[in-house]
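Undergrad: Let me begin by handing over the structure; questions about it come next.
The values are calculated or read from the model by the stated rules, or taken from the named source; none is laboratory data. From a predicted model like this one, the values you see are computed outputs, not experimental measurements. Here the Cβ positions follow ideal geometry from the backbone for every residue, glycine too, while neighbour counts run over all protein chains shown. Just so you know, the surface numbers come from the protein's heavy atoms only, side chains and all, with ligands and any DNA or RNA stripped out. Shrake-Rupley method; radii C 1.70, N 1.55, O 1.52, S 1.80 Å.
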Amino acid sequence: MRLTIATPDSLLLEQDGVVSLRAEDESGAFGIMAGHVPFLTALTPSVVSWRDESGHENHCAVRGGLLTVRDGQQIAIATRQAFLGDDIARLDRYTGEGSQTL
């Protein structure tokens, strides 16, 4: 699958080869895999995680936003602010409103 993460200021990430993604909305955590039905949800401030074809796990803190799935192969996240990183605990500190930037 292809994942894009965009903020009002930039296209933060474009990555092909995403195998699975985990995110959170008001109902809780959910997962996306290839072939997922078309989907639109409002993300809560949280850490989005995804695994690529090589098995590497990637993470991005988002301060809310919208996640869409199209054609079972394209995941797009639009958010006000996002931070990529490998340290989930550190990223989690930056998901709340009023938090300082990294």
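Undergrad: Kindly establish whether residue 38 is in contact (Cβ under 8 Å) with a residue 40 or more places away in the chain, open to solvent by 40 Å² or more (accessible area, probe 1.4 Å) and farther than 19 Å from residue 14 by Cβ.
TA: no
Undergrad: Mind checking which residues of region 73-95 are assigned to a loop (DSSP other than H, G, I, E, B) and either among the small types (Gly, Ala, Ser) or under 26 Å from residue 35 (Cβ atoms) (or both)? Steps first, answer last, please.
TA: First, pick out the residues of region 73-95 that are assigned to a loop (DSSP other than H, G, I, E, B): 73, 79-81, 86-87, 93-95.
Passing the criteria: 73, 79.
Undergrad: If you don't mind, another one. Which residue pairs have Cβ atoms under 8 Å apart, sit 6 or more places apart or on different chains, and have a first residue in region 60-77 that is surrounded by 14 or more Cβ atoms within 10 Å (Cβ to Cβ) and a second that is in a strand (DSSP E or B) and among the aromatic types (Phe, Trp, Tyr)?
TA: 60/83; 61/83; 67/39; 68/39; 69/39
Undergrad: Residue by residue through region 46-55, note down the ones that are open to solvent by 60 Å² or more (accessible area, probe 1.4 Å) and either of a type outside the set (Asp, Glu) or touching a His at 6+ places or on another chain (Cβ under 9 Å) (or both).
TA: 51, 54
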